[in-house]
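A.B. asks: First, the structure itself, so that you have it in front of you.
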Amino acid sequence: AGAAGLALGATGGALAHSALTGETATTGAAGSAGALSSLGSTQVAFHGDRQAGITTPMQSKGHLVAFDLAPGAGRAEAVALMRRWSETARRLMAGETAPTADTGIALDAGPSSLTVTFGFGHSFFDRTGLTARRPVALDPLPEFSGDRLDPRRSNGDLWIQIGADDALVAFHALRALQKDAGEAARVRWQMNGFNRSPGATAEPMTARNLMGQVDGTGNPKPSDPDFDKRIFVPGSGPGPAEHAWMAGGSYAVVRRIRMLLDDWDKQSPQKQEQVIGRRKADGAPLTGGTETTKLDLDRLGPDGRQVIPANAHARISAPEQNGGAAMLRRPFSYHDGFGEDGSPDAGLLFICWQADPLRGFVPVQRKLDRGDALSEFIRHEASGLYAVPPGPRPGEYVGAHLLE
Ligand code: HEM
């Protein structure tokens with residue numbers, strides 16, 4: 001693994017370590033004596049049509065943090081906060097120090113693909129007198145029968161997703177943004193996640209989750225003709241004018257999904273594959289082929305039963321089973337230690353992106369909630385829905401079109 005990482009550094013090649021290939025990340029000079037490897041020097045643009053951290057390849061470390069505006073803080077404080085946060089994000093993503101009193105945690109490292117992504121929750125709009133400009137897409141998600149949600153770890157006025165390929169760079173950003181909040185906002189909840197490190201596999205591969213499954217195969221690809229339409233809010237269209245500030249933005253559904261790994265690990269490999277409908281070794285459908293072969297949902301086995309079971313997760317969640325509902329899943333795994341009974345508090349910080357949650361997460365989760373074979377091995381413990389505005393232009397701060 002180390003050799004693969006060094007080889008990338010020596011050639012200065014751009015990293016493509018995920019099935020997600022979206023915006024271009026720039027790599028600084030690598031290969032000369034003493035230069036950063038391409039992993040450290042890889043920089044993701046802060047400015048642009050979209051915020052970073054949506055189509056950016058998944059990073060190996062992630063922090064999610066939600067804030068509530070402090071009592072008495074309103075729109076003016078929110079504007080000042082978004083200005084401070086945007087400036088900090090811009091600088092840190094460029095590999096610079098924080099604007100004020102940098103902690104030094106990330107000194108010596110490059111930006112390491114750092115992304116900072118900002119979103120607004122339902123409650124933000126009432127707090128800032130902007131209720132009329134709250135999109136209906138932010139209406140609270142319906143309750144699902146399997147939900148075991150902790151309200152203290154759900155929702156929030158403001159949400160930040162931080163991703164980086166270095167743990168110190170990621171924590172540095174989290175700490176700087178928390179300090180920026182000052183008197184204006186308080187942390188409501190915070191979660192930490194991880195993914196495979198770039199270079200850990202001999203070639204770029206789809207990541208695995210903590211159940212050991214190849215996870216992310218069915219994701220829409222930025223090269224799909226309808227990708228933008230499904231993932232990002234259209235620039236113009238029939239929507240009310242007061243929601244135009246979201247054009248080019250996206251909605252993030254965040255679910256902390258605990259995996260009941262002790263139960264899962266007791267299942268035979270065959271049973272585990274039936275639950276998903278795909279092979280564990282390589283992610284290929286149970287109806288054959290390779291990871292990228294389409295599922296043959298109609299195929300019957302010699303016993304006359306469907307090869308991909310009726311309740312298989314990949315069958316129920318497939319877009320063709322949901323009127324085309326699609327989302328971009330870009331999760332982090334998490335592990336928060338072991339309980340007194342020895343069971344791991346681990347699972348998926350499930351994050352999915354879509355132009356409209358009612359044509360993405362909601363219909364799919366409704367169906368999964370009713371009959372997904374995976375349900376008995378997972379538990380949804382926290383939930384959030386955030387409006388993630390478009391990327392800022394140079395000189396702008398994130399959310400300016402809403403707040404100005
Ligand atoms: C597919 C795992 C929760 C939506 C898959 C696949 C796996 C998987 C292994 C097959 C490979 C792939 O296409 O990525 C999990 C696990 C979950 C979870 C372990 C919880 C811990 C969810 C939730 C949703 C969802 C909550 C949405 C409501 C999808 C979709 C696909 C998928 C849309 C792709 C289907 C396709 O395009 O054919 N999931 N999943 N998953 N999952 Fe999940």
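Laboratory data are not the source of any read-out in this text; all were calculated from the coordinates shown. Just so you know, these numbers come straight off a predicted model, no measurement behind them. For neighbour counting, all protein chains shown are included, and Cβ atoms are generated from backbone atoms with ideal geometry for every residue, glycine included.
A.B. asks: Hey, quick one: spin label on E203, modelled 7 Å out along Cα-Cβ, who in region 260-294 has an amide N within reach, i.e. under 16 Å?
C.D. replies: Answer for region 260-294: 282-284, 290-293.
A.B. asks: With N denoting the number of residues in the chain, provide Rg(C-alpha) divided by 2.2 N^0.38 Å, to two decimal places.
C.D. replies: Relative to the rule-of-thumb radius for its length, the chain sits at 0.98.
A.B. asks: A further question follows. Using +1 at the Cβ of each Lys and Arg and -1 at the Cβ of each Asp and Glu in the chain, identify which of T201, L130, L149 lies farthest towards the dipole's positive end.
C.D. replies: Of T201, L130, L149, it is L130.
A.B. asks: From the alpha carbon gyration tensor of region 227-365, can you work out the equivalent ellipsoid semi-axes (sqrt of 5 times each eigenvalue) and give them in Å, largest to smallest?
C.D. replies: For region 227-365, the semi-axes come out at 32, 24, 11 Å.
A.B. asks: Can you put E381, E183, E203 in order of Cβ neighbours within 10 angstrom, beginning with the fewest?
C.D. replies: Listed from fewest to most nearby Cβ atoms, that is E203, E183, E381.
A.B. asks: Would region 166-223 count as rounded, prolate or oblate if I go by the C-alpha gyration tensor, calling it rounded below 1.5 in a/c and otherwise prolate when a/b exceeds b/c, oblate otherwise? Intermediate results must be reported in sequence, preceding the final value.
C.D. replies: Values: a/c = 2.60, a/b = 2.18, b/c = 1.20.
Note, shape of region 166-223 comes out prolate.
A.B. asks: Collect residues whose amide H, placed 1.01 Å from N in the peptide plane, falls under 5 Å from the amide H of F232; neighbours closer than 5 in sequence don't count.
C.D. replies: Answer set, sorted by chain and number: A355.
A.B. asks: I'd like the distance between the alpha-carbon centres of region 66-121 and region 44-59, rounded to an integer number of Å.
C.D. replies: If we compute the Cα centre of each part, the gap is 15 Å.
A.B. asks: At a Förster distance of 41 Å, what's the computed FRET efficiency of H47 paired with D303, Cβ-Cβ distance as r, to 0.05?
C.D. replies: About 0.10, to the nearest 0.05.
A.B. asks: Still on this structure, please answer the following. Go through region 104-158 and name the trypsin sites (Lys or Arg not before Pro) that are in a DSSP coil and have 14 or fewer other Cβ atoms within 10 Å of their Cβ.
C.D. replies: R148
A.B. asks: Just the number: Rg to Rh for region 310-404, Cα atoms, Kirkwood Rh, two decimals.
C.D. replies: Expressed as Rg/Rh, it is 1.08.
A.B. asks: So how long is each side of region 32-151 along the principal axes, counting just the alpha-carbon atoms, biggest first, in Å?
C.D. replies: Sorted largest first, the three principal extents are 55, 38, 29 Å.
A.B. asks: Go through G342, P222, H47 and say which Cα lies farthest out towards the positive end of the charge dipole of the chain; charges sit on Cβ, +1 for Lys and Arg, -1 for Asp and Glu.
C.D. replies: P222
A.B. asks: Percent of alpha carbon pairs in region 101-192 separated by more than 22 Å?
C.D. replies: On the way: 1811 of 4186 pairs.
Percent of Cα pairs beyond 22 Å in region 101-192: 43.
A.B. asks: Counting pairs of alpha carbon atoms under 8 Å apart in space and at least six apart in sequence, what relative contact order in percent does the chain give?
C.D. replies: 23 percent
A.B. asks: For an R0 of 51 angstrom, estimate the FRET efficiency from the Cβ-Cβ distance between K221 and A132 and round to the nearest 0.05.
C.D. replies: The formula returns an efficiency of 0.90 here.
A.B. asks: About the Cα centre, and with charges only on the beta carbon of Lys, Arg (+1) and Asp, Glu (-1), how big is the dipole of the chain? Nearest 20 debye, please.
C.D. replies: It works out to roughly 340 debye.
A.B. asks: If the viscosity is 0.692 mPa s and the temperature 37 °C, what translational diffusion coefficient in µm²/s does Stokes-Einstein give for region 116-163 when Rh comes from Kirkwood over Cα pairs?
C.D. replies: Rounded, D is 266 µm²/s.
A.B. asks: Between A281 and E96, what length in nm is gained on full extension when 0.36 nm per residue of separation is reduced by their alpha carbon distance? Each step should come with its number before you reach the end.
C.D. replies: On the way: separation 185, 0.36 × 185 = 66.60 nm, distance 4.15 nm.
The A281-E96 span can extend by a further 62.4 nm.
A.B. asks: Mean Kyte-Doolittle hydropathy of 0.5 or higher plus an axial Cα length of 18 Å or more: which whole DSSP H helices in the chain meet both?
C.D. replies: 167-181
A.B. asks: Starting from the Cα of E242, step 7 Å along the direction of its Cβ; do the same at R186; then give the gap between the two resulting points in nm.
C.D. replies: So the label points at E242 and R186 sit 3.0 nm apart.
A.B. asks: Applying 1/(1 + (r/R0)^6) with R0 = 30 Å to the Cβ-Cβ distance of D345 and D139, what FRET efficiency is obtained, to the nearest 0.05? Don't jump to the answer; show the numbers that get you there.
C.D. replies: Working: r = 30 Å, r/R0 = 1.02.
The computed FRET efficiency comes out at 0.50.
A.B. asks: Using the Cα gyration tensor of region 297-346, with a ≥ b ≥ c the square roots of its eigenvalues, what is the shape: rounded (a/c below 1.5), prolate (a/b larger than b/c) or oblate (neither)? Don't jump to the answer; show the numbers that get you there.
C.D. replies: Details: a/c = 4.77, a/b = 1.69, b/c = 2.82.
Cα axes put region 297-346 in the oblate bin.
A.B. asks: Which of E340, E96, E242 ends up with the largest GNM mean-square fluctuation for the chain, with Cα atoms connected below 10 Å?
C.D. replies: Among E340, E96, E242, the largest GNM mean-square fluctuation belongs to E340.
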